[in-house]
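Trainee: Here it is, the structure, as structure tokens.
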Amino acid sequence: MGNGYEHRKQWIENRLELLATEFAVSVAGFAIMGNHLHVLVRLDPDDARQWSDEEVLRRWISVYPPRGIDFDDEDNVRMWIEHYAQNPRNIEVYRERLANLGWFMKALKEPLARMANKEDDCKGTFWEGRFKSIAILDEEALLATCAYIDLNPVAAGISATPETSKHTSVRQRVKHFRDKGQIDSLKSARKGSVAASRVIGNAEQDHWLIPIEDRRPHTNARPSSDREGMLATFTLGNYLTLVEYTGRMFRQGKARINDGVKNLFDRLGTSIEFWTDSLQKMLRAKELRGQQFAISEEALQTATQTRSRKRAVNLTPQPG
């Protein structure tokens with residue numbers, strides 16, 4: 001996806017947005033590189049169980065459009081829905097697939113492989129392998145993984161700053177606010193403005209990526225109309241500050257530690273030294289190995305017991 005084929009990165013980004021909208025698999029972060037792809041997802045099977053039969057079918061044909069269907073003609077779409085609805089077993093198969101990570105990856109990769117092969121006028125395998133997944137077990141590991149993904153282009157020397165890194169979730173989040181004319185609120189929130197943080201918390205709700213801030217525990221509305229976010233009381237402004245600090249530390253070997261940055265680490269219950277050491281090891285690694293990723297030893301042990309395993313293989317950065 002490099003050397004004149006960078007437009008294929010946009011193919012992947014567009015496809016990710018579609019799948020995140022239609023699957024019960026939500027996307028929290030992504031980085032599309034020249035020869036590989038990172039995606040951070042959350043599985044939401046309970047959402048799929050609440051969909052009506054019609055909603056399941058509409059989602060399925062949006063991902064896999066039947067031949068001859070005209071989505072601009074609602075009568076034509078309804079005809080297809082009524083046809084598929086005659087087989088309840090098929091609906092349950094589609095419902096299960098729309099909540100499955102394997103099918104999510106299959107729906108991401110297959111169409112893109114066909115598009116690339118058509119452009120190259122060739123046949124054969126486009127992707128090297130299926131995919132590798134690592135379970136994220138606690139909030140600090142979740143935050144570190146999201147930052148690691150967003151900082152991949154910076155670590156590779158492709159971009160100078162996270163927010164200018166094309167085809168990443170951090171750029172997509174900032175672009176969303178710029179498109180809404182709320183970039184000033186985003187800048188104010190990064191400086192610690194409480195009012196601005198409320199504004200960007202609301203604005204995150206209509207974006208296709210999972211909101212950084214989980215506002216549900218603090219909303220007065222019952223039931224909450226807010227979408228499930230990643231971290232309670234941790235805003236997008238906080239996240240951008242953290243990623244910017246980490247990016248500067250990685251590129252320059254140093255970064256200014258202001259009160260805002262120090263307060264973030266105090267709230268996270270970790271030290272600046274531990275965070276930067278962990279992220280630098282990840283960003284300099286040739287690859288990441290492991291079945292799960294946890295900062296907390298307690299979370300790691302709980303996962304081991306839950307999965308009835310003798311030993312938990314935690315994520316380990318392999319030297320570059």
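Trainee: Just a yes or no: is a residue in segment 180-193 among the hydrophobic types (A, V, I, L, M, F, W, C) and surrounded by fewer than 18 Cβ atoms within 10 Å (Cβ to Cβ)?
Mentor: Yes, segment 180-193 contains at least one residue that is among the hydrophobic types (A, V, I, L, M, F, W, C) and surrounded by fewer than 18 Cβ atoms within 10 Å (Cβ to Cβ).
So that you can scan it fast, the table gives a plain yes or no per residue for (1) exposed (fewer than 14 other Cβ atoms within 10 Å of the Cβ); (2) in the same structural domain as GLU110 (by TED's automatic domain parsing); (3) modelled with pLDDT of 95 or more; (4) of a type in the set (A, V, I, L, M, F, W, C):
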{"position": "HIS38", "(1), (2), (3), (4)": "no, yes, yes, no"}
{"position": "VAL41", "(1), (2), (3), (4)": "no, yes, yes, yes"}
{"position": "ARG59", "(1), (2), (3), (4)": "no, yes, yes, no"}
{"position": "TRP80", "(1), (2), (3), (4)": "no, yes, no, yes"}
{"position": "TYR84", "(1), (2), (3), (4)": "no, yes, no, no"}
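Trainee: Taking GLU92 as meeting all but one of (1) surrounded by 13 or more Cβ atoms within 10 Å (Cβ to Cβ); (2) at pLDDT 95 or above; (3) farther than 30 Å from TYR5 by Cα, write down the number of the exception.
Mentor: (1)
Trainee: List the residue pairs whose Cβ atoms are under 9 Å apart, where the first residue sits in segment 123-139 and is over 22 Å from GLY2 (Cα atoms) and at pLDDT 90 or above, the second is assigned to a loop (DSSP other than H, G, I, E, B) and hydroxyl-bearing (Ser, Thr, Tyr), and the two are 6 or more positions apart or on different chains.
Mentor: LEU137/SER296; ASP138/SER296; GLU139/SER296
Trainee: Quick check, is GLU128 farther than 26 Å from GLU204 by Cα and outside any helix (DSSP H, G or I)?
Mentor: yes
Trainee: To continue, here is another question. Mind checking which pairs have a first residue in segment 8-20 that is assigned by TED's automatic domain parsing to the domain that holds GLY34 and closer than 13 Å to SER62 by Cα and a second that is in a helix (DSSP H, G or I) and not aliphatic (A, V, I, L, M), Cβ under 8 Å, 6 or more apart or different chains?
Mentor: From residues that are assigned by TED's automatic domain parsing to the domain that holds GLY34 and closer than 13 Å to SER62 by Cα, the pairs are ARG15/PRO111; LEU18/SER62; LEU19/PHE104.
Trainee: Looking at ALA160, ALA155 in this structure, which one is modelled with pLDDT under 90 and out of contact with any Lys or Arg (no Cβ under 6 Å at 6 or more places or on another chain)?
Mentor: Within the list ALA160, ALA155, the selection yields ALA160.
Trainee: Does THR246 satisfy being outside the structural domain of HIS36 (by TED's automatic domain parsing), under 22 Å from ALA28 (Cβ atoms), in contact (Cβ under 8 Å) with a residue 24 or more places away in the chain and out of contact with any strand residue (DSSP E or B) (no Cβ under 9 Å at 6 or more places or on another chain)?
Mentor: In short, yes.
The values are calculated or read from the model by the stated rules, or taken from the named source; none is laboratory data. Just so it is clear, the structure is predicted and the values come from calculations on it, not from any experiment. Here the Cβ is made from the backbone with ideal geometry for all residues, glycine too, and neighbour counts use every protein chain on show.
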